[in-house]
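Just so you know, all these numbers are worked out from the coordinates, no wet-lab data involved. Predicted model only: the values in this text are computed from it and were never measured. Counting neighbours? That spans all protein chains shown, and the Cβs are built from the backbone with ideal geometry, glycine included.
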Amino acid sequence: MIAVELNDLKAVKHLLRQDLDVNTLTNGTNAINLAYENNFEEIVLELLNFNSIFPLNFNPTKCGNEKLRKFAEVTEQLHDLIKDADLAKITEILESNPNIRYFYNYNNESAITTALSNKQFKIYEFLSSKNLLFGPFENTDDILDGMTRDEKRNLRSIHLRNTKELSEKHVISLMSNSFVGHDNLDEHKKFKY
């Protein structure tokens, strides 16, 4: 918090690489709200890139920092794409931001929560496979309690199908790797996967 209070971007970056919880409250506030209240937009952006929630009352139209405004637009766009089940564009955004695990929107709802609450089960499973997470303060029980038995069954079947596909791919990979180092590589090439 002291690095944020001093608007010391270099120190903030160093501290973030130490795996600190960016959402920790100190004296009733957290680093991102302190940075946002003081208009330290480069620090706000850095914290968001390290999986911070958005600051309270965040308004992207008031941002002077173009990168921060663009980041905010992309996160909101991702949530809209999840609702529309646009897997190709979702994939592009995830590939462009490989270190972000929550992708919070302005309401501080994670991307994976948006998928689940909008019953986009295939997108939910895809996001899970890309290691996106629920926010530590999000309660998934409320979402699951609001689902019908059929919706829960559908979610479970998608999860089981994807788990089976991953398992089969893993077995094939292990089999192909087991031929490495063998003298007769021609036999390996004949093997049909």
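If a/c stays under 1.5 just call it rounded; otherwise compare a/b with b/c (prolate if a/b is bigger, oblate if not). Do that for the range 1-130, with a ≥ b ≥ c from the square roots of the Cα gyration tensor eigenvalues. Prolate is the answer for the range 1-130, as a/c is 1.5 or above and a/b outweighs b/c. In plain terms, the chain from N49 to K62 could stretch by 2.8 nm, reckoned as 0.36 nm per residue minus the Cα-Cα distance. With a Förster radius of 25 Å applied to the beta-carbon distance between L9 and N107, the computed FRET efficiency rounds to 0.40. In this structure, N139 and E95 have a Cβ-Cβ separation that, at R0 = 45 Å, corresponds to a calculated FRET efficiency of about 0.95. Annotation note: trypsin sites (Lys or Arg not before Pro) in the range 5-87 located in DSSP loop regions with a Cβ neighbour count of at most 12 within 10 Å are R17. Can you list the aspartates and glutamates whose alpha carbon sits under 17 Å from that of K13, skipping same-chain ones fewer than 8 residues off? Partners within reach: E5, D21, E41, E42, E46.
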